[in-house]
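Below is one structure, written out as C-alpha coordinates; comments come after it.
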Amino acid sequence: MKRIPILIAALTTLPSLQALAQETATVPLASDSVTTATRLFAGQEYLTLDDCRTLALQHNKTLQMAALELQKTGYERQVARSNYLPKFDFAGTYQFTSRSIDLLSDAQKLKLENLGTTTVSQMQAGVAQSGLSESMQQLATQIIMANPQMQPLVMQTMQMADQYTQVFATQMGQSLNAAGHEIVDAFNTDSRNMGIMSVMFTQPLYMGGKIRAYDRITHYSEELAGQKLRQEEQQIILDVDKAYWQVVSLVNKRKLAVAYRDMLKHLDDDVLSMISEGVATKANELSVSVKLNEAEMTLMRIDDGLVLSRMLLAQTCGFELDETPMLADEKLDDISLQLTALDGDSEAAFSNRPELQQLNLATQMLEQKALIQRSDFLPTVALTGGYMATYPSLFNGFQKNLRGMWNVGLTVKVPLWRWGEGINKMKMAHTDVTLAAMRYDEVKEKIQLQVKQAANAINEANRKLALAGKNIEKAEENLRVAKIGFAEGMIPTSDLLAAQTAWVSAHSDKIDAQIDIMLARAAYSKALGTIK
(Lines give C-alpha, C1' and ligand atoms only; values in the text may rest on other atoms or scores of the structure.)
Protein backbone atom coordinates (compact mmCIF):
# COMPACT_ATOMS: atom_id res chain seq x y z
CA MET A 1 0.00 0.00 0.00
CA LYS A 2 1.31 3.46 -0.86
CA ARG A 3 2.56 5.79 1.87
CA ILE A 4 0.10 8.30 3.20
CA PRO A 5 0.34 11.81 1.62
CA ILE A 6 0.74 13.55 4.94
CA LEU A 7 3.96 11.62 5.60
CA ILE A 8 5.31 12.64 2.20
CA ALA A 9 4.30 16.25 2.86
CA ALA A 10 6.06 16.22 6.20
CA LEU A 11 9.22 14.72 4.71
CA THR A 12 9.31 17.32 1.92
CA THR A 13 8.78 20.07 4.46
CA LEU A 14 11.69 19.09 6.73
CA PRO A 15 14.57 20.54 4.61
CA SER A 16 12.95 23.97 4.53
CA LEU A 17 12.28 23.76 8.27
CA GLN A 18 15.93 22.86 8.92
CA ALA A 19 17.02 25.84 6.80
CA LEU A 20 14.69 28.04 8.79
CA ALA A 21 16.20 26.72 12.00
CA GLN A 22 19.73 27.47 10.82
CA GLU A 23 18.68 30.96 9.78
CA THR A 24 17.11 31.47 13.17
CA ALA A 25 20.31 30.34 14.91
CA THR A 26 22.57 32.65 12.89
CA VAL A 27 20.55 35.87 13.17
CA PRO A 28 21.28 37.75 16.44
CA LEU A 29 18.51 39.22 18.50
CA ALA A 30 18.42 42.81 19.69
CA SER A 31 17.68 43.05 23.38
CA ASP A 32 15.90 46.38 23.04
CA SER A 33 13.63 44.99 20.30
CA VAL A 34 12.87 41.91 22.38
CA THR A 35 11.94 44.14 25.28
CA THR A 36 9.71 46.19 23.00
CA ALA A 37 7.96 43.10 21.63
CA THR A 38 7.42 41.63 25.07
CA ARG A 39 6.19 44.94 26.45
CA LEU A 40 3.78 45.68 23.59
CA PHE A 41 2.07 42.30 23.71
CA ALA A 42 2.56 41.32 27.34
CA GLY A 43 -0.41 39.31 28.54
CA GLN A 44 -1.79 38.91 25.01
CA GLU A 45 -2.41 35.21 24.44
CA TYR A 46 -2.84 35.22 20.66
CA LEU A 47 -1.22 37.38 18.01
CA THR A 48 -2.90 38.34 14.78
CA LEU A 49 -1.12 38.65 11.44
CA ASP A 50 -1.12 42.45 11.76
CA ASP A 51 0.49 42.17 15.21
CA CYS A 52 3.28 40.03 13.79
CA ARG A 53 3.81 42.45 10.93
CA THR A 54 4.04 45.41 13.30
CA LEU A 55 6.56 43.67 15.54
CA ALA A 56 8.68 42.54 12.61
CA LEU A 57 8.83 46.05 11.15
CA GLN A 58 9.97 47.42 14.52
CA HIS A 59 12.53 44.69 15.12
CA ASN A 60 14.21 44.11 11.77
CA LYS A 61 17.82 45.36 11.60
CA THR A 62 17.73 45.68 7.83
CA LEU A 63 14.89 48.18 8.10
CA GLN A 64 16.77 50.11 10.76
CA MET A 65 19.82 50.34 8.51
CA ALA A 66 17.63 51.43 5.59
CA ALA A 67 16.10 54.13 7.79
CA LEU A 68 19.59 55.34 8.70
CA GLU A 69 20.50 55.42 5.00
CA LEU A 70 17.44 57.58 4.40
CA GLN A 71 18.53 59.89 7.21
CA LYS A 72 22.03 60.03 5.73
CA THR A 73 20.72 61.06 2.32
CA GLY A 74 18.85 63.90 4.03
CA TYR A 75 22.15 65.16 5.39
CA GLU A 76 23.73 64.83 1.96
CA ARG A 77 20.99 66.98 0.47
CA GLN A 78 21.62 69.67 3.08
CA VAL A 79 25.29 69.57 2.12
CA ALA A 80 24.40 69.96 -1.54
CA ARG A 81 22.15 72.94 -0.87
CA SER A 82 24.90 74.65 1.11
CA ASN A 83 26.91 74.93 -2.13
CA TYR A 84 24.66 77.80 -3.20
CA LEU A 85 25.96 79.89 -0.28
CA PRO A 86 29.38 81.55 0.10
CA LYS A 87 32.16 79.63 1.83
CA PHE A 88 34.22 81.35 4.52
CA ASP A 89 37.67 80.11 5.44
CA PHE A 90 40.37 81.18 7.87
CA ALA A 91 44.06 80.50 7.35
CA GLY A 92 46.98 81.46 9.58
CA THR A 93 50.64 80.61 9.89
CA TYR A 94 53.54 81.46 12.20
CA GLN A 95 57.22 80.79 11.52
CA PHE A 96 60.38 81.34 13.53
CA THR A 97 63.72 81.45 11.66
CA SER A 98 67.27 81.58 12.94
CA ARG A 99 68.21 84.57 10.79
CA SER A 100 66.42 87.66 9.51
CA ILE A 101 66.08 88.68 5.90
CA ASP A 102 68.54 91.59 5.20
CA LEU A 103 67.63 94.08 2.49
CA LEU A 104 71.06 95.82 2.82
CA SER A 105 74.50 94.29 2.62
CA ASP A 106 77.06 94.77 5.38
CA ALA A 107 79.03 97.23 3.17
CA GLN A 108 75.88 99.28 2.55
CA LYS A 109 75.11 99.34 6.26
CA LEU A 110 78.67 100.55 7.01
CA LYS A 111 78.44 103.34 4.44
CA LEU A 112 75.11 104.55 5.80
CA GLU A 113 76.23 104.48 9.42
CA ASN A 114 79.41 106.56 8.49
CA LEU A 115 77.58 108.80 6.05
CA GLY A 116 78.40 112.03 7.99
CA THR A 117 82.07 111.24 8.51
CA THR A 118 82.53 110.37 4.87
CA THR A 119 80.66 113.46 3.68
CA VAL A 120 82.66 115.89 5.89
CA SER A 121 85.92 114.32 4.81
CA GLN A 122 84.94 114.68 1.18
CA MET A 123 83.90 118.29 1.75
CA GLN A 124 87.19 119.11 3.45
CA ALA A 125 89.11 117.40 0.72
CA GLY A 126 87.14 119.30 -1.89
CA VAL A 127 87.85 122.61 -0.20
CA ALA A 128 91.54 121.82 -0.05
CA GLN A 129 91.61 120.84 -3.66
CA SER A 130 89.71 123.94 -4.77
CA GLY A 131 92.12 126.27 -2.93
CA LEU A 132 89.54 128.14 -0.93
CA SER A 133 91.71 128.24 2.24
CA GLU A 134 94.74 129.64 0.36
CA SER A 135 92.60 132.35 -1.29
CA MET A 136 91.20 133.34 2.08
CA GLN A 137 94.70 133.64 3.48
CA GLN A 138 95.82 135.77 0.51
CA LEU A 139 92.80 138.04 0.97
CA ALA A 140 93.56 138.42 4.67
CA THR A 141 97.21 139.26 3.89
CA GLN A 142 96.16 141.93 1.42
CA ILE A 143 93.77 143.47 3.97
CA ILE A 144 96.46 143.57 6.65
CA MET A 145 99.02 145.09 4.28
CA ALA A 146 96.58 147.80 3.25
CA ASN A 147 95.36 148.38 6.78
CA PRO A 148 97.90 147.29 9.37
CA GLN A 149 95.67 148.43 12.20
CA MET A 150 93.10 145.74 11.23
CA GLN A 151 95.53 142.86 11.62
CA PRO A 152 94.21 141.78 15.07
CA LEU A 153 90.62 141.88 13.87
CA VAL A 154 91.41 139.94 10.70
CA MET A 155 93.33 137.28 12.61
CA GLN A 156 90.55 136.96 15.14
CA THR A 157 88.02 136.61 12.32
CA MET A 158 90.06 133.91 10.64
CA GLN A 159 90.34 131.99 13.90
CA MET A 160 86.60 132.24 14.51
CA ALA A 161 85.85 131.10 10.93
CA ASP A 162 88.08 128.04 11.41
CA GLN A 163 86.37 127.27 14.70
CA TYR A 164 82.86 127.61 13.21
CA THR A 165 83.85 125.49 10.23
CA GLN A 166 85.13 122.70 12.44
CA VAL A 167 82.04 122.84 14.66
CA PHE A 168 79.70 122.81 11.65
CA ALA A 169 81.57 119.93 10.06
CA THR A 170 81.45 117.96 13.29
CA GLN A 171 77.72 118.60 13.84
CA MET A 172 76.83 117.85 10.22
CA GLY A 173 78.89 114.65 10.31
CA GLN A 174 77.13 113.53 13.50
CA SER A 175 73.72 114.36 12.05
CA LEU A 176 74.40 112.48 8.83
CA ASN A 177 75.78 109.49 10.75
CA ALA A 178 72.61 109.46 12.89
CA ALA A 179 70.42 109.67 9.78
CA GLY A 180 72.35 106.83 8.16
CA HIS A 181 71.93 104.72 11.30
CA GLU A 182 68.18 105.35 11.25
CA ILE A 183 68.05 104.24 7.63
CA VAL A 184 69.87 101.03 8.51
CA ASP A 185 67.42 100.42 11.39
CA ALA A 186 64.48 101.13 9.09
CA PHE A 187 65.65 98.43 6.67
CA ASN A 188 66.03 95.89 9.50
CA THR A 189 63.10 93.43 8.86
CA ASP A 190 63.48 91.35 12.04
CA SER A 191 61.84 88.54 10.08
CA ARG A 192 62.77 85.79 12.51
CA ASN A 193 59.17 85.98 13.82
CA MET A 194 56.81 85.98 10.86
CA GLY A 195 53.03 85.55 10.79
CA ILE A 196 50.27 85.67 8.18
CA MET A 197 46.52 85.35 8.70
CA SER A 198 43.63 85.67 6.28
CA VAL A 199 39.85 85.34 6.22
CA MET A 200 38.53 84.50 2.76
CA PHE A 201 35.15 83.91 1.18
CA THR A 202 34.13 82.40 -2.15
CA GLN A 203 30.71 82.89 -3.67
CA PRO A 204 30.01 80.72 -6.73
CA LEU A 205 28.26 82.67 -9.47
CA TYR A 206 28.23 80.15 -12.31
CA MET A 207 29.65 76.63 -12.09
CA GLY A 208 28.35 75.26 -15.36
CA GLY A 209 25.20 73.87 -13.70
CA LYS A 210 27.18 71.57 -11.40
CA ILE A 211 25.69 72.85 -8.14
CA ARG A 212 22.09 72.56 -9.33
CA ALA A 213 22.73 69.08 -10.74
CA TYR A 214 24.31 67.93 -7.47
CA ASP A 215 21.33 69.29 -5.56
CA ARG A 216 18.95 67.31 -7.77
CA ILE A 217 21.06 64.16 -7.42
CA THR A 218 20.85 64.31 -3.62
CA HIS A 219 17.10 64.91 -3.89
CA TYR A 220 16.72 61.82 -6.07
CA SER A 221 19.05 59.92 -3.74
CA GLU A 222 16.82 60.74 -0.78
CA GLU A 223 13.77 59.50 -2.66
CA LEU A 224 15.71 56.41 -3.72
CA ALA A 225 16.57 55.60 -0.10
CA GLY A 226 12.89 55.98 0.78
CA GLN A 227 11.93 53.52 -1.96
CA LYS A 228 14.57 51.06 -0.73
CA LEU A 229 13.13 51.32 2.76
CA ARG A 230 9.67 50.69 1.35
CA GLN A 231 10.94 47.67 -0.60
CA GLU A 232 12.56 46.22 2.52
CA GLU A 233 9.32 46.73 4.46
CA GLN A 234 7.32 44.89 1.81
CA GLN A 235 9.79 42.02 1.78
CA ILE A 236 9.70 41.76 5.58
CA ILE A 237 5.89 41.71 5.52
CA LEU A 238 5.94 38.92 2.93
CA ASP A 239 8.44 36.93 5.01
CA VAL A 240 6.29 37.38 8.11
CA ASP A 241 3.22 36.19 6.19
CA LYS A 242 5.10 33.08 5.05
CA ALA A 243 6.28 32.29 8.59
CA TYR A 244 2.83 33.02 10.05
CA TRP A 245 0.92 30.79 7.63
CA GLN A 246 3.60 28.11 7.90
CA VAL A 247 2.82 27.87 11.60
CA VAL A 248 -0.93 27.83 10.94
CA SER A 249 -0.46 25.14 8.30
CA LEU A 250 1.58 22.91 10.61
CA VAL A 251 -0.88 23.42 13.48
CA ASN A 252 -3.76 22.26 11.30
CA LYS A 253 -1.73 19.36 9.92
CA ARG A 254 -0.88 18.38 13.45
CA LYS A 255 -4.58 18.27 14.27
CA LEU A 256 -5.10 16.12 11.21
CA ALA A 257 -2.16 13.87 12.14
CA VAL A 258 -3.51 13.41 15.67
CA ALA A 259 -6.95 12.53 14.30
CA TYR A 260 -5.40 10.03 11.89
CA ARG A 261 -3.27 8.50 14.64
CA ASP A 262 -6.28 8.17 16.95
CA MET A 263 -8.21 6.61 14.09
CA LEU A 264 -5.45 4.04 13.58
CA LYS A 265 -5.25 3.35 17.34
CA HIS A 266 -8.96 2.66 17.38
CA LEU A 267 -8.58 0.43 14.34
CA ASP A 268 -5.66 -1.38 15.96
CA ASP A 269 -7.77 -2.07 19.04
CA ASP A 270 -10.59 -3.36 16.84
CA VAL A 271 -8.23 -5.65 14.91
CA LEU A 272 -6.82 -7.06 18.17
CA SER A 273 -10.36 -7.80 19.31
CA MET A 274 -11.13 -9.45 15.99
CA ILE A 275 -7.99 -11.59 16.27
CA SER A 276 -9.09 -12.79 19.68
CA GLU A 277 -12.46 -13.69 18.15
CA GLY A 278 -10.74 -15.47 15.26
CA VAL A 279 -12.12 -13.24 12.48
CA ALA A 280 -8.81 -11.47 11.72
CA THR A 281 -5.25 -12.54 11.25
CA LYS A 282 -1.93 -11.44 12.68
CA ALA A 283 -1.03 -10.01 9.26
CA ASN A 284 -3.98 -7.62 9.51
CA GLU A 285 -2.75 -6.42 12.89
CA LEU A 286 0.79 -5.96 11.61
CA SER A 287 -0.34 -3.85 8.66
CA VAL A 288 -2.31 -1.62 10.98
CA SER A 289 0.64 -1.41 13.41
CA VAL A 290 2.96 -0.34 10.60
CA LYS A 291 0.56 2.44 9.62
CA LEU A 292 0.22 3.45 13.27
CA ASN A 293 4.00 3.71 13.65
CA GLU A 294 4.20 5.77 10.48
CA ALA A 295 1.52 8.09 11.82
CA GLU A 296 3.43 8.48 15.11
CA MET A 297 6.62 9.27 13.19
CA THR A 298 4.80 11.80 11.02
CA LEU A 299 3.30 13.46 14.10
CA MET A 300 6.75 13.70 15.70
CA ARG A 301 8.20 15.33 12.60
CA ILE A 302 5.34 17.77 12.41
CA ASP A 303 5.90 18.69 16.06
CA ASP A 304 9.59 19.32 15.37
CA GLY A 305 8.78 21.43 12.35
CA LEU A 306 6.19 23.38 14.31
CA VAL A 307 8.73 24.17 17.03
CA LEU A 308 11.20 25.46 14.44
CA SER A 309 8.51 27.48 12.68
CA ARG A 310 7.41 29.09 15.92
CA MET A 311 11.02 29.93 16.76
CA LEU A 312 11.51 31.59 13.39
CA LEU A 313 8.34 33.61 13.77
CA ALA A 314 9.32 34.58 17.33
CA GLN A 315 12.76 35.74 16.16
CA THR A 316 11.23 37.70 13.29
CA CYS A 317 8.77 39.41 15.61
CA GLY A 318 11.37 40.22 18.25
CA PHE A 319 10.52 37.73 20.98
CA GLU A 320 12.97 35.52 22.80
CA LEU A 321 13.40 32.11 21.16
CA ASP A 322 11.82 30.39 24.15
CA GLU A 323 8.79 32.69 23.85
CA THR A 324 6.56 31.05 21.26
CA PRO A 325 3.51 33.26 20.71
CA MET A 326 0.24 31.64 19.82
CA LEU A 327 -1.49 32.81 16.66
CA ALA A 328 -5.09 33.83 16.28
CA ASP A 329 -5.67 31.81 13.10
CA GLU A 330 -4.39 28.57 14.56
CA LYS A 331 -7.49 28.43 16.78
CA LEU A 332 -9.72 28.15 13.74
CA ASP A 333 -10.72 24.72 12.49
CA ASP A 334 -11.33 26.14 9.04
CA ILE A 335 -10.14 29.32 7.30
CA SER A 336 -13.04 31.07 5.62
CA LEU A 337 -12.04 32.37 2.22
CA GLN A 338 -13.78 34.11 -0.64
CA LEU A 339 -12.65 32.66 -3.94
CA THR A 340 -12.19 35.46 -6.47
CA ALA A 341 -10.54 35.07 -9.87
CA LEU A 342 -7.86 37.59 -10.88
CA ASP A 343 -6.52 38.60 -14.27
CA GLY A 344 -3.34 40.39 -13.07
CA ASP A 345 -3.47 44.18 -13.45
CA SER A 346 0.10 45.15 -14.31
CA GLU A 347 -0.60 48.89 -14.52
CA ALA A 348 -1.04 49.10 -10.75
CA ALA A 349 2.31 47.38 -10.30
CA PHE A 350 4.04 49.85 -12.64
CA SER A 351 2.98 52.77 -10.47
CA ASN A 352 3.47 51.08 -7.08
CA ARG A 353 6.49 48.79 -7.29
CA PRO A 354 9.45 50.37 -5.45
CA GLU A 355 11.88 48.58 -7.75
CA LEU A 356 10.60 50.54 -10.75
CA GLN A 357 10.61 53.74 -8.76
CA GLN A 358 14.25 53.11 -7.83
CA LEU A 359 15.24 52.47 -11.44
CA ASN A 360 13.43 55.59 -12.55
CA LEU A 361 15.21 57.66 -9.91
CA ALA A 362 18.53 56.05 -10.84
CA THR A 363 17.99 57.08 -14.46
CA GLN A 364 17.30 60.67 -13.42
CA MET A 365 20.41 60.65 -11.23
CA LEU A 366 22.52 59.48 -14.17
CA GLU A 367 21.09 62.29 -16.29
CA GLN A 368 22.18 64.79 -13.66
CA LYS A 369 25.61 63.16 -13.47
CA ALA A 370 25.87 63.70 -17.23
CA LEU A 371 25.26 67.40 -16.60
CA ILE A 372 28.01 67.39 -13.99
CA GLN A 373 30.37 65.83 -16.51
CA ARG A 374 29.45 68.56 -18.97
CA SER A 375 29.98 71.29 -16.37
CA ASP A 376 33.65 70.31 -16.05
CA PHE A 377 34.20 71.71 -19.54
CA LEU A 378 32.14 74.92 -19.19
CA PRO A 379 33.35 78.29 -17.87
CA THR A 380 33.09 78.90 -14.13
CA VAL A 381 32.77 82.27 -12.40
CA ALA A 382 33.18 82.93 -8.67
CA LEU A 383 33.32 86.04 -6.51
CA THR A 384 36.20 86.05 -4.03
CA GLY A 385 37.24 88.36 -1.22
CA GLY A 386 38.64 88.52 2.25
CA TYR A 387 41.01 90.15 4.68
CA MET A 388 44.76 89.41 4.99
CA ALA A 389 47.16 90.62 7.70
CA THR A 390 50.92 90.12 8.14
CA TYR A 391 53.48 90.43 10.90
CA PRO A 392 55.74 92.36 10.52
CA SER A 393 53.50 94.90 8.83
CA LEU A 394 54.52 95.85 5.29
CA PHE A 395 52.21 98.81 4.70
CA ASN A 396 54.32 101.55 6.34
CA GLY A 397 57.80 100.15 6.20
CA PHE A 398 58.68 97.21 8.40
CA GLN A 399 56.73 97.64 11.64
CA LYS A 400 56.42 95.15 14.46
CA ASN A 401 52.64 94.99 14.47
CA LEU A 402 49.83 93.08 12.74
CA ARG A 403 48.12 94.98 9.96
CA GLY A 404 46.21 93.93 6.89
CA MET A 405 43.96 94.89 4.03
CA TRP A 406 40.63 93.98 2.44
CA ASN A 407 40.40 92.48 -1.02
CA VAL A 408 37.68 91.49 -3.46
CA GLY A 409 37.98 89.88 -6.86
CA LEU A 410 36.41 87.83 -9.61
CA THR A 411 37.72 84.42 -10.66
CA VAL A 412 36.99 83.07 -14.13
CA LYS A 413 38.10 79.67 -15.41
CA VAL A 414 37.61 78.69 -19.04
CA PRO A 415 38.73 75.23 -20.27
CA LEU A 416 40.35 75.57 -23.66
CA TRP A 417 41.50 72.21 -24.96
CA ARG A 418 41.38 68.73 -23.41
CA TRP A 419 42.00 66.49 -26.41
CA GLY A 420 38.43 65.20 -26.60
CA GLU A 421 38.14 64.34 -22.91
CA GLY A 422 34.86 66.19 -22.47
CA ILE A 423 33.19 64.63 -25.50
CA ASN A 424 34.17 61.11 -24.48
CA LYS A 425 33.00 61.62 -20.91
CA MET A 426 29.68 62.94 -22.16
CA LYS A 427 29.28 59.90 -24.40
CA MET A 428 30.01 57.63 -21.43
CA ALA A 429 27.40 59.44 -19.32
CA HIS A 430 24.76 59.20 -22.03
CA THR A 431 25.55 55.50 -22.44
CA ASP A 432 24.91 54.98 -18.72
CA VAL A 433 21.56 56.75 -19.08
CA THR A 434 20.63 54.50 -22.00
CA LEU A 435 21.60 51.37 -20.06
CA ALA A 436 19.51 52.50 -17.08
CA ALA A 437 16.50 53.04 -19.35
CA MET A 438 16.96 49.55 -20.81
CA ARG A 439 17.19 48.03 -17.32
CA TYR A 440 13.97 49.84 -16.43
CA ASP A 441 12.18 48.32 -19.43
CA GLU A 442 13.59 44.87 -18.64
CA VAL A 443 12.46 44.98 -15.00
CA LYS A 444 9.10 46.30 -16.13
CA GLU A 445 8.61 43.26 -18.34
CA LYS A 446 9.66 40.93 -15.52
CA ILE A 447 7.24 42.61 -13.11
CA GLN A 448 4.45 42.21 -15.62
CA LEU A 449 5.25 38.50 -15.84
CA GLN A 450 5.49 38.28 -12.06
CA VAL A 451 2.05 39.82 -11.62
CA LYS A 452 0.54 37.38 -14.14
CA GLN A 453 2.20 34.43 -12.40
CA ALA A 454 0.98 35.58 -8.98
CA ALA A 455 -2.56 35.98 -10.31
CA ASN A 456 -2.40 32.53 -11.88
CA ALA A 457 -1.13 31.11 -8.57
CA ILE A 458 -4.20 32.54 -6.79
CA ASN A 459 -6.56 31.18 -9.43
CA GLU A 460 -4.87 27.77 -9.26
CA ALA A 461 -5.09 27.73 -5.46
CA ASN A 462 -8.78 28.63 -5.71
CA ARG A 463 -9.38 25.68 -8.03
CA LYS A 464 -7.40 23.38 -5.75
CA LEU A 465 -9.49 24.47 -2.77
CA ALA A 466 -12.72 23.87 -4.65
CA LEU A 467 -11.57 20.41 -5.71
CA ALA A 468 -10.33 19.69 -2.18
CA GLY A 469 -13.79 20.50 -0.82
CA LYS A 470 -15.38 18.02 -3.23
CA ASN A 471 -12.76 15.39 -2.43
CA ILE A 472 -13.41 15.76 1.30
CA GLU A 473 -17.09 15.06 0.78
CA LYS A 474 -16.28 11.94 -1.19
CA ALA A 475 -13.55 10.87 1.27
CA GLU A 476 -15.93 11.31 4.23
CA GLU A 477 -18.55 9.17 2.55
CA ASN A 478 -16.00 6.60 1.48
CA LEU A 479 -14.64 6.34 5.03
CA ARG A 480 -18.15 6.02 6.47
CA VAL A 481 -19.00 3.20 4.08
CA ALA A 482 -15.64 1.50 4.72
CA LYS A 483 -16.15 1.61 8.48
CA ILE A 484 -19.58 0.04 8.14
CA GLY A 485 -18.29 -2.62 5.76
CA PHE A 486 -15.34 -3.41 8.02
CA ALA A 487 -17.58 -3.65 11.06
CA GLU A 488 -19.84 -6.07 9.15
CA GLY A 489 -16.83 -8.01 7.98
CA MET A 490 -17.57 -7.31 4.34
CA ILE A 491 -14.30 -5.50 3.46
CA PRO A 492 -10.73 -6.27 4.46
CA THR A 493 -8.47 -4.16 6.65
CA SER A 494 -6.50 -2.90 3.67
CA ASP A 495 -9.61 -1.27 2.17
CA LEU A 496 -10.35 0.52 5.44
CA LEU A 497 -6.74 1.71 5.64
CA ALA A 498 -7.01 2.98 2.07
CA ALA A 499 -10.19 4.87 2.93
CA GLN A 500 -8.51 6.42 5.97
CA THR A 501 -5.51 7.38 3.85
CA ALA A 502 -7.80 8.99 1.27
CA TRP A 503 -9.56 10.88 4.07
CA VAL A 504 -6.24 12.21 5.42
CA SER A 505 -5.07 13.12 1.93
CA ALA A 506 -8.25 15.06 1.17
CA HIS A 507 -8.07 17.07 4.38
CA SER A 508 -4.34 17.67 3.91
CA ASP A 509 -4.98 18.93 0.38
CA LYS A 510 -7.58 21.34 1.73
CA ILE A 511 -5.15 22.72 4.31
CA ASP A 512 -2.47 23.15 1.63
CA ALA A 513 -4.93 24.86 -0.70
CA GLN A 514 -6.07 27.30 2.00
CA ILE A 515 -2.51 28.19 2.98
CA ASP A 516 -1.53 28.45 -0.68
CA ILE A 517 -4.32 30.97 -1.22
CA MET A 518 -3.16 33.12 1.69
CA LEU A 519 0.46 32.99 0.54
CA ALA A 520 -0.49 33.58 -3.09
CA ARG A 521 -2.52 36.63 -2.10
CA ALA A 522 0.41 38.01 -0.14
CA ALA A 523 2.73 37.36 -3.08
CA TYR A 524 0.23 39.02 -5.43
CA SER A 525 0.08 42.11 -3.23
CA LYS A 526 3.87 42.12 -3.14
CA ALA A 527 3.96 41.86 -6.94
CA LEU A 528 1.57 44.82 -7.20
CA GLY A 529 3.59 46.79 -4.64
CA THR A 530 0.54 47.30 -2.42
CA ILE A 531 1.38 44.92 0.44
CA LYS A 532 1.41 46.74 3.77
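Before moving on, here are some points about what is shown:
- Computed on protein heavy atoms with a 1.4 Å probe, the accessible areas place L496, L321 in the order L321, L496, largest first.
- In straight-distance terms, cross-link reach from K470 covers every one of the aspartates and glutamates whose alpha-carbon lies under 17 Å from its own, apart from those fewer than eight places away in the same chain; here that gives D334, E460, D509, D512.
- Using a probe of 1.4 Å on the protein chains alone, the accessible area found for E285 is around 20 Å².
- Of the whole protein surface, H181 contributes about 80 Å² of accessible area at a 1.4 Å probe radius.
- P(r) weight above 20 Å for the stretch 421-532, C-alpha pairs, percent: 65
- Set of aspartates and glutamates near K444 by C-alpha distance (under 14 Å), chain-local residues within fewer than 8 positions excluded: D345, E347, E355
- For the stretch 317-328, 3J(HN,Hα) computed residue by residue from phi via the Karplus equation (6.51, -1.76, 1.60; θ = phi - 60°) reads 8, x, 8, 5, 5, 7, 9, 10, x, 8, 9, 5 Hz, glycine and proline entered as x.
- For the stretch 45-76, the list of GluC sites (Glu not before Pro) that fall in a loop by DSSP and count at most 12 other C-beta atoms within 10 angstrom reads E45.
- Fully extended contour minus Cα-Cα distance, from I144 to A487, at 0.36 nm per residue: 104.9 nm
- The stretch 370-471: trypsin sites (Lys or Arg not before Pro) in DSSP loop, at most 10 other beta carbons within 10 Å: K400
- Candidate lysines - alpha carbon under 28 Å from K474, same-chain residues fewer than 8 apart omitted: K2, K253, K255, K265, K291, K331, K464, K483, K510
- FRET E, pair A437, A348, Förster distance 22 Å, beta-carbon r, rounded to 0.05: 0.50
- Taken about its Cα centre, the stretch 282-438 carries a charge dipole of about 2160 debye when Lys and Arg each add +1 at the Cβ and Asp and Glu each add -1 at the Cβ.
- Loop-located GluC sites (Glu not before Pro) in the stretch 450-502 (DSSP state not H, G, I, E or B) with no more than 14 neighbouring Cβ atoms inside 10 Å: E488.
The values are calculated or read from the model by the stated rules, or taken from the named source; none is laboratory data. Given the structure is predicted, the values throughout are model-derived calculations rather than measurements. Neighbour counts run over all protein chains shown; Cβ positions are idealised from the backbone, glycine included. Areas reflect the complete protein model, heavy atoms only, side chains present, ligands, DNA and RNA absent. Shrake-Rupley method; radii C 1.70, N 1.55, O 1.52, S 1.80 Å.
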